[in-house]
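Down below is the structure, laid out as structure tokens.
FYI, it's all coordinate maths here, none of it is from the lab. Source: prediction; values computed, not measured. For neighbour counting, all protein chains shown are included, and Cβ atoms are generated from backbone atoms with ideal geometry for every residue, glycine included.
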Amino acid sequence: MMDMKKILFTFVFVLFSSLMLAQKDVTKFLGIPVDGTKAEMKKKLQEKGFVFDSSNNCFEGEFNGSDVYVYIITNNNKVWRIMVGDSKPISETDIKIRFNNLCRQFAKNQKYVQANLNEKEYFIPKDEDISYEMLVHNKRYEAVYCQLPDVEKYSLMSSEEKEKAVSAIDMKRVWFVINQHLGQYFITMYYDNEYNHSDGEDL
């Protein structure tokens with residue numbers, strides 16, 4: 001009887017541990033899991049030094065050397081996206097430099113991998129007229145990456161769990177895009193937890 005209890009306890013413990021590992025390995029923004037409730041995320045962003053602007057329902061602060069607005073996007077009261085937008089628009093020349101610098105930073109960061117490895121790198125040529133391309137050809141300047149599994153948690157996983165974690169990196173997307181308004185440009189970044197994204201369950 002005791003052996004059966006031990007076996008059952010071990011099975012439940014392993015199952016619980018596996019579920020906890022799977023649940024926690026989600027997209028992170030500044031080390032904060034993009035998960036939980038909006039109230040919980042607000043508190044964590046404030047702890048990181050961001051200041052809440054109630055009139056615009058967003059946070060203000062500095063991120064990766066730029067002044068930004070940070071928005072919390074939820075689905076069924078679960079955080080599924082953190083949106084980070086430049087608060088100060090810049091010129092066409094400067095936005096190309098900023099976009100390319102971000103691409104370089106992501107490419108050398110070992111926590112990320114380019115989402116589509118079959119695509120060439122996302123750099124914008126110096127002589128490209130992005131205002132013309134966006135206006136006439138509706139070109140979208142976008143770069144998409146995936147966060148790799150958390151190294152600490154990954155090392156604790158079984159071989160099967162590791163395979164699942166690697167195959168699930170598409171659920172941990174981080175991407176950015178150039179937006180334009182009245183001849184000025186800015187970058188908007190998205191940290192997405194696709195596990196919490198709407199998938200038609202409310203239809």
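Which cross-chain or sequence-distant (5 or more) residues have an amide H under 5 Å from the amide H of CYS58, H modelled 1.01 Å from N in plane?
ASP53
For Cα pairs less than 8 Å apart in space and 6+ apart in sequence, what is the mean separation divided by the residue count of the chain, i.e. the relative contact order in percent? Before the final figure, lay out each step's value.
Numbers: 287 pairs, mean separation 47.7, N = 203.
Value for the chain: 24 percent.
Per residue Cα convex hull volume for the stretch 101-183, in cubic angstrom?
Details: hull volume 9.8 nm³, N = 83.
Convex hull volume per residue, Cα atoms: 118 Å³.
Could you please report the charge total around LYS44, scoring K, R as +1 and D, E as -1 over all other residues with beta-carbon less than 14 angstrom from its beta-carbon?
Value of the local net charge: +2.
Which Cα, out of ILE90, ASN77, ASN100, lies furthest along the positive dipole direction of the stretch 72-138 (beta carbon charges, K/R +1, D/E -1)?
Value: ASN77.
Given Cβ point charges of +1 (Lys, Arg) and -1 (Asp, Glu) and nothing else, what value in debye, to the nearest 20, does the dipole of the chain about its Cα centre take?
540 debye
Rounded to the nearest 10 degrees, what's the angle between the helix 2-24 long axis and the longest principal axis of the chain, both from Cα atoms, 0 to 90?
Computed tilt is about 0 degrees.
Specify the residue with the greatest mean-square fluctuation among LEU45, LEU156, LEU148, computed from a Gaussian network of the chain linking alpha-carbon atoms under 10 Å apart.
LEU156
Only helical DSSP H runs with n ≥ 4 go in: add -39500 (n - 2.57) per run for the chain, normalise by residue count and round the 222 nm mean residue ellipticity to 500 deg cm²/dmol.
Theoretical 222 nm ellipticity from helices: -11000 deg cm²/dmol.
In bins 10 Å wide, starting from 0, what share of all Cα pairs of the chain does each bin hold, as a percent?
8, 28, 32, 20, 7, 3, 1, 0
May I ask for the angle, rounded to the nearest 10°, between helix 38-47 and the longest principal axis of the chain, with both axes built from Cα atoms and the value confined to 0 to 90°?
Around 70 degrees separate the two axes.
Taking amide H atoms as placed 1.01 Å from N in the peptide plane, list the residues 5 or more away in sequence, or in a different chain, whose amide H sits under 5 Å from that of PHE50.
none
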